[in-house]
Amino acid sequence: MDFLHAFLKKLRQFFDDLDRVQLHLSQRWVEHTNRRTIIIILVAGILAVCTYLFLIRPPDDFPLNHLVEVPEGQTLTQISRKLHEQGVVRSALAFRVAATLSGKGRRMQADDYLFKEPHDLFSVIRIIALGENGLVPIRIRIPEGANTRQMAVIFGSQLERFDQANFLTQATPLEGYLFPDTYNFLPNANEGTVIKSMRDRFDEILHATTTPPLSAPSEKSLAEQIEASGHTLEEIVNMASIIEKEAFNSNDRRMISGVLWNRIRKDMALQVDVTFLYTMGKSTFSLTRDDLKSDSAYNTYVHKGLPPTPIGSPSLDSLQAAVNPTKNDYLFYLADDHGTTYFSKTYQQHLTKKSIYIDN
């Protein structure tokens with residue numbers, strides 16, 4: 001019995017010691033709970049900040065106001081790599097993982113995208129999945145009388161995908177037939193889009209019913225007026241491109257048209273200076289005697305008739321003036337510094353008016 005009593009006493013003491021150890025450990029666990037919580041929060045915070053800084057936030061060189069291409073028929077891996085190369089996302093892998101986990105990986109829409117402000121990883125995924133390309137039409141004005149070289153500079157300065165050299169290759173043979181107007185083009189428009197729109201606009205103007213001169217019995221399209229004029233479309237456009245540069249109001253344009261057609265009928269050289277502006281970039285006041293003797297096909301002092309091609313894109317008013325000139329018997333004209341045009345029947349009268357209104 002003594003042995004059993006001693007054993008039970010030892011066992012009770014063991015359990016008492018075990019309770020004391022457990023209590024001690026519990027107290028230590030409670031004492032360090034706040035410290036562990038703080039450490040966990042700090043680690044999680046550091047991971048979150050690093051994830052945002054290195055994976056989620058917009059790259060420092062995010063391509064603002066530049067076209068970003070998501071090509072047709074590419075896999076999510078290819079798209080993510082392309083976006084990374086274009087500076088849209090910081091990590092191709094992060095984009096691919098986030099797009100897949102969000103369920104948008106299979107909904108990426110091919111297009112050109114334009115970003116007005118930086119976007120983080122998740123915003124980029126949403127934008128491309130919804131196809132919100134951000135493309136807003138740009139208003140571009142082509143002034144009346146502009147030639148293809150001038151058009152190339154205007155479009156090239158505003159359209160990112162516009163190739164000026166390729167435009168000139170395609171557009172130069174269409175000189176005069178790309179109608180000057182205000183156009184609305186998307187930022188990703190290329191030279192082919194521009195040429196088609198301008199050529200279509202010319203055809204629209206040509207065949208639209210317009211109000212004819214008062215002497216005409218009914219309304220006719222410009223094409224019908226040209227057909228009735230006895231001149232070809234090429235001759236009218238060519239003449240109109242010269243008239244565009246020679247006068248700035250409808251009355252003077254129709255009068256000058258009459259003068260120039262008179263000179264052609266009389267087999268006289270047109271002797272207009274604006275053709276030099278097209279070929280040499282020189283105006284009336286910068287021409288030299290050697291320039292006037294040059295053998296250029298556009299030298300209307302040496303070569304009779306119209307130049308080989310139009311020298312720019314004429315306005316509707318100039319086209320109508322070329323078709324419907326004011327009938328007169330003048331052969332010469334000149335304009336003073338105030339834009340007033342003086343007409344003469346003889347060369348002597350022309351010289352007299354030049355001495356009165358120009359030389360003085």
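The values are calculated or read from the model by the stated rules, or taken from the named source; none is laboratory data. This is a predicted model, so every value here is computed, not measured. Cβ coordinates were reconstructed from backbone atoms using ideal geometry, including for glycine residues, and neighbour counts include every protein chain displayed.
Quick notes
- Filtered residues of the stretch 77-90 (kept if without any contact (Cβ under 8 Å) to a residue 12 or more places away in the chain and hydroxyl-bearing (Ser, Thr, Tyr)): none
- Any chance Phe95 is in a helix (DSSP H, G or I) and under 27 Å from Arg57 (Cβ atoms): yes
- Of all residues in the stretch 62-77, those that are assigned to a loop (DSSP other than H, G, I, E, B) and under 23 Å from the mean Cα position of the chain (by Cα) total 6.
- Of all residues in the stretch 261-278, those that are under 18 Å from Val323 (Cβ atoms) have Cβ atoms under 8 Å from Cβ atoms of residues that are among the aromatic types (Phe, Trp, Tyr) and assigned to a loop (DSSP other than H, G, I, E, B), 6 or more apart or on another chain, in Asn262/Tyr330.
- For beta carbons closer than 7 Å, sequence separation of 6+ or different chains, a first residue in the stretch 91-115 that is within 13 Å of Leu76 (Cα to Cα) and a second that is outside any helix (DSSP H, G or I) and acidic (Asp, Glu), the qualifying pairs are Ala110/Glu72.
- Qualifying residue in the stretch 338-354 (condition: in a loop (DSSP other than H, G, I, E, B), out of contact with any strand residue (DSSP E or B) (no Cβ under 6 Å at 6 or more places or on another chain) and buried (at least 18 other Cβ atoms within 10 Å of the Cβ)): no
- Meets criteria (under 26 Å from the mean Cα position of the chain (by Cα), among the aromatic types (Phe, Trp, Tyr) and at pLDDT 95 or above) for Phe162: yes
- Residues satisfying the stated conditions in the stretch 296-339, i.e. in contact with an Asp or Glu (Cβ under 9 Å, 6 or more places away or on another chain) and not assigned by TED's automatic domain parsing to the domain that holds Thr275: Tyr333, Ala335, Gly339
Let's see how each residue does on (1) at pLDDT 95 or above; (2) basic (Lys, Arg); (3) within 20 Å of Asp163 (Cα to Cα):
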{"site": "Glu175", "(1), (2), (3)": "yes, no, yes"}
{"site": "Tyr183", "(1), (2), (3)": "yes, no, yes"}
{"site": "Pro187", "(1), (2), (3)": "yes, no, yes"}
{"site": "Val194", "(1), (2), (3)": "yes, no, yes"}
{"site": "Asp203", "(1), (2), (3)": "yes, no, no"}
{"site": "Ala208", "(1), (2), (3)": "no, no, no"}
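- Extreme residue, farthest from Asn328 (Cα to Cα), among residues of the stretch 253-279 that are part of a helix (DSSP H, G or I) and in contact with a Gly (Cβ under 8 Å, 6 or more places away or on another chain): Tyr278
- The listed residues are Leu159, Leu174, Leu168, and the only one of them that is over 26 Å from Leu233 (Cβ atoms) and not assigned by TED's automatic domain parsing to the domain that holds Lys116 turns out to be Leu159.
- Selection of the stretch 137-162 for residues being within 21 Å of Leu64 (Cα to Cα) and out of contact with any strand residue (DSSP E or B) (no Cβ under 8 Å at 6 or more places or on another chain) yields Gly156, Ser157, Phe162.
- From Ala208, Ala189, residue being surrounded by fewer than 20 Cβ atoms within 10 Å (Cβ to Cβ) and among the small types (Gly, Ala, Ser): Ala208
- Number of positions in the stretch 152-168 that are farther than 12 Å from Thr193 by Cα and in contact (Cβ under 8 Å) with a residue 60 or more places away in the chain: 1
- Condition check for Ala228 on (1) touching a Gly at 6+ places or on another chain (Cβ under 7 Å); (2) over 17 Å from Phe343 (Cα atoms); (3) surrounded by fewer than 20 Cβ atoms within 10 Å (Cβ to Cβ); (4) of a type in the set (A, V, I, L, M, F, W, C): one failure, at (1).
- Here Asn65 meets each of (1) farther than 21 Å from Asn133 by Cα; (2) at pLDDT 90 or above with one exception, condition (1).
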